[in-house]
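The block underneath contains the structure these notes are about, expressed in structure tokens.
Just so it is clear, none of the values below were taken in a lab; they were calculated from the coordinates. Values in this document were obtained by computation on a predicted structure and should not be read as measured data. Cβ sites come from the backbone with ideal geometry, for glycine too, and all protein chains shown count toward neighbours.
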Amino acid sequence: MSQATLPVTTAPRDRGYSTAWWGMVVLITTEAMIFLALLSAYFFIRASVPRWPIGGLPEPELHRSVIFTVILLASSIPIVWMEVALKRGNMRQVKGTLLLAFLMGAAFLGNTAYDYTHMDFGWRVNAYSSLFWGIIGLHALHVLVGLLMSATVQVKVWLGKVSPERHTTPEVFALYWHFVDGVWIFVFTSLILSPHFGR
Amino acid sequence: MAIHTKVNEQLEHELEEKWTDEPGIPGFFNTVDHKRIGIRYIYTAFIFFFAAGAIALVMRVQLAQPNSHVLSPQTYNEFFTMHGTTMIFLFNTPVLAGFGNYLIPLMIGSRDMAFPRLNAFSYWVFVLSGILLYSSFVIGHAPDGGWFAYVPLTNTPYSSGINIDFWGIAVVFVGISTTVGAINFIVTIFKLRAPGMTLNRMPIYVWSMLVFSLMAIFAVPAVTVAASLLELDRLFGTSFYHVAGGGSVLLYQHLFWFWGHPEVYILFIPATGMISMIIPVFSRHRLAGYIWVATALVAVAFISFGVWVHHMFATGVPALALSFFSAVSLIITIPSGVQFFAWIGTMWKGVVQFRTAMLFAIGFLLIFLLGGITGVMVAILPFDWQVTDSYFVVAHFHYVLNGAVVFPLFGAIYYWLPKMTGKMLSERLGKISFWTMFVGFNVAFFPMHILGFLGMPRRVYTYDAGLGWDGLNLVVTIASFVFGLGALLTLFNFLWSQRHGESAPPDPWRADTLEWATTSPPPEYNFAKIPVVTSRDPLWDEQPLRVAEPGPEPLSALTATGALEKTMPVTEGMDAKPQATLGIPEPSYLPFVAALGVGGLFVGLLVKAALIGVIGVGVGALAVVWWLWRTDEDLR
């Protein structure tokens, strides 16, 4: 194998994903590990106490959470649309879909902020409250970073610095946005949904 | 054969104009050249190495005789904490990243890392986190909870001073450097290999750095979480580890060792990668069992994520879990053994030349054998219960972390420093240094096994006379100074070589890999023309090394990216077919500013000054937005 002929074609093939895109893939992997470690901590502590939530704290509110979960997850749709529109060079649609996803993310973050200001307990009460607000807070931080990235990309689009040929920034941002949405499925299921079914 | 000869003088002048950094202070702060950053990484890490070594020697003076009063108990605690923390976080990991930064782009025939500015950022973060940690000495409150900082001892109210905060915050801080460095390595290795360098033609050292980085990506988050939760408990009053609030102290150990054990291999694997480069060259024979060695590296990486509980055998974990983790800890010796036999086989079939680098490699084999055997011993439950927290364990992990990492690193210095500085080191002084270190190391650390059997516990600042420990402790102390002297001899050798050393030819060792195909030291652009690889040992082939030329044959103009354009080719991840070109950014202050911003956040947390933290975040965020504003494609 090592002595095989040169496996190099002459014509430039598919350009493949950019190095920045691959960098984001690896960054997301390590970020996912942070959430995995925190959710493991959540279940580790949950398994070691007789009642959950600890200390008779109320179970997480469900109705509003479900609505805003749907909004956050659905915000990936305009982002996918944006990527398709960008390939076709339809910059009007790119602008519209980016703005729509931004507003949906902002609504989700607004709901988290509302929860935080109207909560029954702070994160200092016990291990349950620390885990709950710690993990929710970290995810909210990721949404915030996603919104800042979105704002940067939108300014670049409006200034004409994005085109079907210059697509790296929106492409990398899209990947991050999908990650923030996807990881919420696990956070939501573990933190908000599962206490209603467990002890 | 050597590419450098093909550059004519006029072209060389133009290239220099295009590539050379500004002189002096601006160039110092804004360079993005992987070679400058790599060397700087290595220098900085070695400053920490000698600092932590000096700390260890003071501890040995304290322990030389029973009931000494060189150090107070508090200072002793601070010293062993700082010694371990420095060696793991500020020496071992960064020095390996430094060698990787310097060598990987050269070995894969590229011109820089995939993200040159991120590379600079990761260096600045490393330096700033080191400064932050060491500033604890300046204010007289160094961390004192051990390098592992177990709760509840390190949590409030048992450690209420600022000491542990320095540790927790520095660990999270330096983790950022390790992580972004790992991202950079992974993308560089997958996407920037010279055309034709398929995965199974990659030098084993490149494999080892790929495995190092992948492991870091999966392991570092655990220690980041462990230390972050500790700091949240300490600074903000949460209850993650407070038993009274339903928290768990065992959770800390799980999180810490989920990183901590892979970390041992994160440090060890690149060291074995270096050995796999040195041994074939000085045996004049290609590495025996290349595929086996590469597979073993990957196997070790996987298995190492299933052994962390063997650090917790004495914590009351359920028996079934103990058996599982004990078994996995024994299994990991198999891939390690595969590598060992590959090295022996290479030497067996070749003709061994006993140069200094090779001596360090052979010394490593002997030390690693001993450290590996004691590793098997402590993997066995009843044995571990007998020796845990004794000097036996201290002996074991110094055999693997000091012996089996530092010896390959010193071998790497003798092997690659001529490439980096363009000066040959003295072989004579090198050999004296090796023998001093080798004898000093074994006489210092071997008796610790016996001290452990005799019941001497770890982390005690002194002991009574008449326990049978006095003589051995004195021997250990004297030998540790011998070891230190041996290391200083190499430092002296380096300084001497800068003034008096012979100039290094491009390939002083008649080696096989691409970094030897360019001058010593290499030009800023590494290769005037990108090499084309057709085998695992490009410089040992019958035919001269091929380079990418413009025109239809044999490669597209795409690959023949001239150094004048300041670009490098991007190739497919698996079989390295050319895909695109990637621009190399101009020097920039932004990485330094961004690192300062991140540092501001951590200083703000440390001194509980919200304003500093907010300013830090603001500066960091602005720098990053500015940085990402002009991407590679915007520059074209």
FRET E, pair B:V352, B:V298, Förster distance 35 Å, beta-carbon r, rounded to 0.05: 0.80
Peptide A:118-129 - average C-beta neighbours from other chains (10 Å radius): 4
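What percent does the relative contact order of chain B come to when contacts are Cα pairs within less than 8 Å and at least six residues apart?
Numbers: 1081 pairs, mean separation 124.1, N = 636.
It rounds to 20 percent for chain B.
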Gain upon complete extension [B:Q10, B:E427; 0.36 nm per residue less C-alpha separation]: 146.4 nm
Rounded D (µm²/s) - the protein assembly as shown, Kirkwood Rh over Cα pairs, Stokes-Einstein at 4 °C, 1.567 mPa s: 46
Rounded, prolate or oblate (a/c below 1.5 giving rounded, otherwise prolate when a/b exceeds b/c) for segment B:110-172 by Cα gyration tensor: prolate
Cα centroid separation - segment B:220-237 against segment B:594-616, whole Å: 17
Positive dipole terminus of segment B:313-466, leading residue within B:F340, B:A444, B:A314 (C-beta point charges): B:F340
For B:V547, distant residues with modelled amide H under 5 Å away: B:V532
Reduced Cα scattering model of segment B:216-363, Debye log10 I(q)/I(0), q = 0.21, 0.22 Å⁻¹: -1.19, -1.25
Cα centre as origin, Lys/Arg/Asp/Glu Cβ charges: the protein assembly as shown dipole, Debye: 440
Amide H partners (placed H, <5 Å) of B:V570, local residues excluded: B:Q579, B:A580, B:T581, B:L582
Listed peptides B:231-244, B:166-179, B:78-91 by packing density, highest first (mean Cβ within 10 Å): B:166-179, B:78-91, B:231-244
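Can you give the mean number of other chain Cβ atoms that lie within 10 Å of the Cβ atoms in peptide B:421-431? Don't jump to the answer; show the numbers that get you there.
Numbers: counts 0, 0, 0, 0, 0, 0, 0, 0, 0, 0, 0.
Across B:421-431, the average partner-chain Cβ count within 10 Å equals 0.
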12 Å beta-carbon shell around A:L98, net charge (K/R +1, D/E -1): +2
Intensity falloff of segment B:77-149 expressed as log10 I(q)/I(0), Debye formula with alpha-carbon point scatterers, at q = 0.21 Å⁻¹: -0.89
Column: log10 I(q)/I(0), Debye, Cα scatterers of segment B:1-133, q = 0.10, 0.11, 0.14, 0.19 Å⁻¹: -0.48, -0.55, -0.75, -1.07
Efficiency of FRET between A:R88 and B:V317 - r from beta-carbon atoms, R0 56 angstrom, step 0.05: 0.45
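Highest first, please rank the peptides B:257-266, B:106-115 by the mean number of other Cβ atoms sitting within 10 Å of their residues. Present the calculation step by step, with values, prior to reporting the outcome.
Details: B:257-266: 23.5, B:106-115: 26.2.
The densest-packed peptide leads the list: B:106-115, B:257-266.
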Alpha-carbon centroid distance for the pair segment B:104-134 / segment B:406-474, whole angstrom: 29
Shielding score for A:35-47, defined as the mean number of other chain Cβ atoms within 10 Å: 4
Options B:L611, B:L454, B:L132, ranked by Cα towards positive dipole end of chain B, top entry (Cβ charges): B:L454
Cut-off under 5 Å, modelled amide H: who pairs with B:E502 long-range: B:M424
Solution diffusion estimate, µm²/s, Stokes-Einstein, segment A:39-91, Kirkwood Rh from C-alpha pairs, 10 °C, viscosity 1.306 mPa s: 108
Order by protection proxy (mean Cβ within 10 Å, highest first), peptides B:599-608, B:21-30: B:599-608, B:21-30
Surrounding net charge for A:L72, when Lys and Arg each add one and Asp and Glu each subtract one, Cβ distance under 14 Å: -1
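Which FRET efficiency value, to the nearest 0.05, is calculated for B:V460 and B:V376 with the Förster distance at 30 angstrom and r the Cβ-Cβ distance? Display every interim value, and only then the final one.
On the way: r = 27 Å, r/R0 = 0.89.
Once rounded, the FRET efficiency stands at 0.65.
Let me have the relative contact order for segment A:119-199, percent, based on Cα pairs under 8 Å that are six or more residues apart.
Numbers: 31 pairs, mean separation 21.4, N = 81.
Relative contact order here is 26 percent.
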Value at 222 nm in deg cm²/dmol, rounded to 500, when DSSP H runs of n ≥ 4 in chain B each add -39,500 (n - 2.57): -21000 deg cm²/dmol
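With Kirkwood's inverse mean 1/r over C-alpha pairs for Rh, give me the Rg to Rh ratio of chain B, two decimals please. It would help to have the intermediate numbers written out before the result.
On the way: Rg = 24.6 Å, Rh = 25.5 Å.
My calculation of the ratio gives 0.97.
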Within-13-Å neighbourhood charge of B:S228 [Cβ basis; K, R +1; D, E -1]: -2
Listed pairs B:K349/B:K577; A:K156/B:K608; B:K419/B:K529; A:K87/B:K18 exceeding 30 Å between Cα atoms: B:K349/B:K577; A:K156/B:K608; A:K87/B:K18
Longest to shortest principal axis, alpha-carbon extents of chain A, angstrom: 68, 50, 24
Cα-based reach from B:K423 at 14 Å (exclusive), listing aspartates and glutamates while leaving out same-chain residues under 8 positions away: B:E502, B:D507
More than 17 angstrom apart: percent of Cα pairs within segment B:342-382: 45
